[in-house]
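Chemist: Structure below; questions to follow.
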Amino acid sequence: MIDEPIIIRSVEVLSDDWATLKKVTFDYRRRDGRIETQVRQTYDRGHGAVILPYDPARGTILLVRQFRLPAYVTGHPEPLVEACAGLLDDRDPETCILRETEEELGYRLNRIERVFHAYMSPGSVTERLMFFIARYTPGDRIGGGGGDAGEGEDIEVLEPTLGEALAMIDRGEIIDGKTIMLVQHLALKGLMDG
């Protein structure tokens with residue numbers, strides 16, 4: 001009998017390109033005490049950060065629209081509307097998201113607020129996202145945004161009101177989980193009331 005709830009028996013790297021796909025064989029101790037051998041795959045591309053800038057004076061938020069291949073190959077040909085996000089790439093979450101905000105949105109933010117972190121697809125993806133919000137004003141704009149063309153990014157910046165974003169969720173125009181979570185967080189907290 002094993003004392004630990006999990007004992008890793010083998011790890012096989014199936015792919016190591018843009019991310020790492022591994023096949024893991026392990027013994028799992030069930031709640032009833034029985035030991036069961038299971039095989040699962042994990043997809044590791046690192047951790048990330050996501051932010052939703054909001055302007056309480058005008059009632060607006062900043063979002064991006066961009067093409068996403070995984071959505072396309074599963075029947076969603078339109079670009080996705082999302083909150084600004086990026087992989088940490090060995091940076092702390094705050095540094096990462098401030099850089100992504102400048103690169104994707106064209107805004108320089110001074111104060112950001114960490115609100116929570118979450119695993120977005122814990123059944124197979126190891127990525128954990130750190131979620132942020134931040135106030136912005138039109139005066140914080142330093143460029144056009146649009147992403148890094150050298151990385152293949154072609155990003156359109158959107159500035160809907162919070163009400164418009166909530167309606168886009170209701171109509172199925174915003175279907176990205178991290179974005180839905182942040183828009184609803186902002187609405188629930190009542191931060192657009194000034």
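The values are calculated or read from the model by the stated rules, or taken from the named source; none is laboratory data. Note that this is a predicted model, so its numbers are computed, not measured. Because the Cβ atoms are built from the backbone with ideal geometry, glycine has one as well, and the counts that use them run over all protein chains shown.
Chemist: Condition first: surrounded by fewer than 16 Cβ atoms within 10 Å (Cβ to Cβ) and within 25 Å of Leu186 (Cβ to Cβ). Now tell me which residues in the stretch 129-152 satisfy that.
Modeler: Thr137, Pro138, Gly139, Arg141, Ile142, Gly143, Gly144 - these are the residues of the stretch 129-152 that are surrounded by fewer than 16 Cβ atoms within 10 Å (Cβ to Cβ) and within 25 Å of Leu186 (Cβ to Cβ).
Chemist: Checking Gly177 against (1) of a type in the set (Gly, Ala, Ser); (2) over 17 Å from the mean Cα position of the chain (by Cα); (3) within 15 Å of Leu80 (Cα to Cα), which test does it fail?
Modeler: (2)
Chemist: With the stretch 30-121 as the region, which strands (runs of 3 or more DSSP E) entirely inside it contain at least 2 residues that are more than 22 Å from Gly172 (Cβ to Cβ) and touching a Phe, Trp or Tyr at 6+ places or on another chain (Cβ under 8 Å)?
Modeler: So the answer is 35-44, 48-55, 113-119.
Chemist: List the number of the failed condition for Thr74; all other conditions in (1) over 16 Å from Met181 (Cα atoms); (2) touching a strand residue (DSSP E or B) at 6+ places or on another chain (Cβ under 8 Å) hold.
Modeler: Condition not satisfied by Thr74: (2).
Chemist: Could you tell me which of the residues Asp148, Asp170, Asp176 is in the same structural domain as Thr74 (by TED's automatic domain parsing), acidic (Asp, Glu) and touching a Leu at 6+ places or on another chain (Cβ under 8 Å)?
Modeler: Details: Asp148 fails: touching a Leu at 6+ places or on another chain (Cβ under 8 Å); Asp170 fails: touching a Leu at 6+ places or on another chain (Cβ under 8 Å).
None of the other options fit; the residue is Asp176.
Chemist: Looking at (1) touching a residue at least 60 places away in the same chain (Cβ under 8 Å); (2) crowded, with 17+ Cβ neighbours inside 10 Å; (3) not charged (D, E, K, R), which is the only condition Ser124 fails?
Modeler: Just one mismatch for Ser124, condition (2).
Chemist: With the requirement that a residue be of a type in the set (Asp, Glu) and loosely packed, with under 13 Cβ neighbours inside 10 Å, what does the stretch 162-179 give you? Break it down into steps so the answer makes sense when it comes.
Modeler: We begin by selecting, within the stretch 162-179, every residue of a type in the set (Asp, Glu); these are 164, 170, 173, 176.
Residue satisfying the conditions is Asp170 alone.
Chemist: Continuing with this model, one more query. Among the residues of the stretch 34-43, is any among the hydrophobic types (A, V, I, L, M, F, W, C) and without any contact (Cβ under 8 Å) to a residue 60 or more places away in the chain?
Modeler: Restricting attention to the stretch 34-43, the residues satisfying the condition of being among the hydrophobic types (A, V, I, L, M, F, W, C) are 35, 39.
This time we only want the ones that are without any contact (Cβ under 8 Å) to a residue 60 or more places away in the chain, so: 35, 39.
Yes, the stretch 34-43 has at least one match.
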